[in-house]
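Visitor: Quick one: structure below, then a few questions.
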Amino acid sequence: MARALWKGSISFGLVNIPIELHTAVRNHRPKFRMLHAKDKSPVRFERVCIRDGHPVAWEDLVKGYEYAKGHFVVLTKEDFQAAAVEKTRTVDIIDFVKADAIDDRFFETPYYLVPTKGGERAYALLREAIRESGRIGIAKFILRDAQHLAAVEVIKDAIVLSVMRFVDELVDVKQFDLPGDGGIRKAELDMAKALVNSLAAEWDPGKYTDQYRENLLRIIKGKVKGKRVDLEPAAEPRQAEVVDLMERLRRSLEQGAPRQARGDLSLSKVGGRRGQKTAVKATTRARTAKRASKKRAKTAA
């Protein structure tokens, strides 16, 4: 088992369960270093003073907060110590809330909480209590000198701690000018829902792969062996001119729906007669406009 990132305990009420914190995700993307193009030697980045252009040693660095453009206030170790909350090694569960009440935007990085010796029974008890309650624990804990908000939930046989964002870290959606639903026609909505249903599938995470990473690794492996790897360029579908939203939805259904299902997604069954008439009118308008355009071009010639 990988080395624990953090050791401490889960605390709820008067119960403390000894645990270890382990990462639940890993980054497989290839890492790159900057090289000197001339001789392929790695480049070392130095800390250079903007004013005099000279390198600065680590011991000569201080932390500053830019409160105005070009104006800084320096914070010392004592300042950070004064601001710090009590440095404990406890995941302190404050509340248990309904799982579906939490906005997905709050969730950040997941970690596994693994019981240490002697805490297995209490760990299993807490896990099953959380599972059957259908709730998620909301906790605070200290990691790398910073206090974090966290969600404590059950996934399969593990208690998973997910670092969360505080509410003031979320951008308020009200600042954006988003459209309402007043201008949506029923026929359009019916066809859009049919398109969604035509793409419906069971969740299978293994189905979705990082094609960019796979392509990069193929190129890297080829270069290591002194070979050139030629990848087929991704073909971009050529889009015909689309007249209106109904026509766009109809073409999407024709292109995206499985062949065996296309008969069930025909215009006669999507959006009812009104949807069929609307799409037919749109197609007729497109053809009429196209003929008129050709006629004008001939006249001008």
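Visitor: Can you name every one of the strands (runs of 3 or more DSSP E) wholly within region 104-182 that holds 1 or more residues which are open to solvent by 70 Å² or more (accessible area, probe 1.4 Å) and charged (D, E, K, R)? Talk me through it step by step, then tell me what you get.
Guide: On the way: elements: 107-115, 135-143, 146-155, 158-164.
In region 104-182, 107-115, 135-143 are the strands (runs of 3 or more DSSP E) which contain 1 or more residues that are open to solvent by 70 Å² or more (accessible area, probe 1.4 Å) and charged (D, E, K, R).
Visitor: Across region 10-58, which residue is least open to solvent (accessible area, probe 1.4 Å) among those that are closer than 30 Å to ILE130 by Cβ and among the polar types (S, T, N, Q)?
Guide: Only one residue fits best here, namely SER11.
Visitor: When you scan region 183-211, how many residues do you find that are charged (D, E, K, R) and open to solvent by less than 70 Å² (accessible area, probe 1.4 Å)? Show your work before the answer.
Guide: First, pick out the residues of region 183-211 that are charged (D, E, K, R): 185-186, 188, 190, 193, 202, 204, 207, 210.
Checking which are open to solvent by less than 70 Å² (accessible area, probe 1.4 Å) leaves us with 188, 190, 210.
Qualifying residue count for the region: 3.
Visitor: Checking GLU78 against (1) in a loop (DSSP other than H, G, I, E, B); (2) open to solvent by 100 Å² or more (accessible area, probe 1.4 Å); (3) free of Cβ contacts under 8 Å to residues at least 12 places away in the same chain: exactly one of these is not met. Which one?
Guide: (1)
Visitor: Which of the residues that make up region 84-96 are open to solvent by less than 80 Å² (accessible area, probe 1.4 Å) and modelled with pLDDT under 90?
Guide: Of everything in region 84-96, those that are open to solvent by less than 80 Å² (accessible area, probe 1.4 Å) and modelled with pLDDT under 90 turn out to be ALA84, VAL85, THR88.
The values are calculated or read from the model by the stated rules, or taken from the named source; none is laboratory data. Quick caveat: nothing in here was measured; it's all calculated off a predicted structure. When we count neighbours, we look across all protein chains shown, and the Cβ atoms used for this are built from the backbone with ideal geometry, even at glycine. Note: areas computed on protein heavy atoms with side chains; ligands, DNA, RNA excluded. Shrake-Rupley method; radii C 1.70, N 1.55, O 1.52, S 1.80 Å.
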